[in-house]
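Below: one structure, written as structure tokens.
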Amino acid sequence: MTLTNGRRAGVFPAPDRDPHPRPGRQGWVKVIEGLDPVTQHQDILRITSGYEFPWDYQRSLEFALFRTYCVPTISELLARTGEFEKRPQKRYDDTALLMSELVEHGYDSPRGRESLRNINRMHGRYSIANDDMLYVLSTFVYDPIDWIDRYGWRRLHPHERLASFHFYRQVGIRMGIKDIPDSYQDFQRFKMDYEREKFVYSDDNHRIGTYTLTLFQSWYPRFLAAPVAAAVYALIDDRMAAAFGFPKGSPRVRAAAETGLRARSAVVRLLPRRRVSAAATDPNNRTYPGYPVGYCPRDLGVEHSRSQRAN
């Protein structure tokens, strides 16, 4: 393994694809305690997101992506491409699956490299400010941490927090993102300062936010559309609501939603340890049925026929 001073990509061990927990409900935590969050961040993040908190990671990253649309320069680009108006589910699935490929297989594995090439190819079609890319990257680090702190079935180990930072820092370097802070605290400070400065209302924010809310509603029966919207309004913070031009959420609905999320975690706490990673096997993606069976990362983000995938 090779450590660098931050501008060049480091070389780190690929994640163990068949890890084994120690005895007890805290068995995975005992494994994580013995791993180095700097050099073994790929192992730690795969355990955290694939074995310990797969549902929480999925929900938190949905809100993380939602959060980035509060930035007018980001939402303006998305509005200009028309992707959210025409194919919101596909764009969501592409992003979620490509990032989960990096976690499940490692960013330097063949599938990881293929995913990064696909991500870089899609981003390379547009002129995107480095700070916007840096901010989006920061949400992948800190939004899941914040979500699990509030609603997870256990607290995160310090190694898990640091591993998330080091993992996505290496991903960012491989994406060509510049000026990624060297420490967990500095990157978190960048995120907070950026949101204070950049979260302002724009019509594009409102448009992309509304498309995304409609996407969330489409995952549930039609009669639940209003309750889903009320829950989303309640779970986003006031700064996000103002940037989207959404109504402020009801404190009562927020309390009910948080009670439900914590009740879910209380049940999960009683379940046995997960022994199969769920990091890259989301059965709820609507665009690529059965993924990853029959698919490669290069199939994501572009239109492919089944015959092309078979060749």
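Between residue 242 and residue 214, what is the label-point separation in nm under the 7 Å Cα-to-beta-carbon projection? According to this spin-label approximation, the distance is 2.8 nm. Springs between alpha-carbon pairs under 10 angstrom, Gaussian network model over the chain: which of 136, 171, 253 fluctuates most? Sorting by GNM fluctuation, first place goes to 253.
Ranked by the mean number of other Cβ atoms within 10 Å of their residues, highest first, the peptides 44-56, 194-206, 266-278 come out as 44-56, 194-206, 266-278. Distance between the C-alpha centres of the stretch 189-245 and the stretch 136-156: 18 Å, rounded to the whole angstrom.
Farthest toward the dipole's positive end in the chain, which of 82, 107, 231, given Cβ charges of +1 (Lys, Arg) and -1 (Asp, Glu) about the Cα centre? My answer, from the dipole projection, is 231.
Diffusion coefficient (Stokes-Einstein, Kirkwood radius over C-alpha pairs, 37 °C, 0.692 mPa s) for the stretch 94-178: 239 µm²/s, rounded to a whole number.
In the chain, inverting the average of 1/r over every pair of distinct C-alpha atoms gives 20.2 Å as the Kirkwood radius.
The number of Lys pairs in the chain with C-alpha atoms less than 26 Å apart, excluding pairs fewer than 8 positions apart on the same chain, is 4. Membrane-span-like helices in the chain, defined here as complete DSSP H runs extending at least 24 Å along the helix axis by their C-alpha atoms with mean Kyte-Doolittle hydropathy no lower than 0.0, are 251-268; this is a sequence and geometry rule, not a statement about a membrane. The accessible-area ordering, largest first, of the residues 240, 175, 192 stands as 192, 175, 240, per a 1.4 angstrom probe.
The values are calculated or read from the model by the stated rules, or taken from the named source; none is laboratory data. Everything numeric in this text was worked out from a predicted model, so none of it was measured. Cβ atoms come from the backbone with ideal geometry, glycine included; neighbour counts cover every protein chain shown. These area figures cover heavy atoms from the full protein model, side chains too; ligands, DNA and RNA do not enter into them. Shrake-Rupley method; radii C 1.70, N 1.55, O 1.52, S 1.80 Å.
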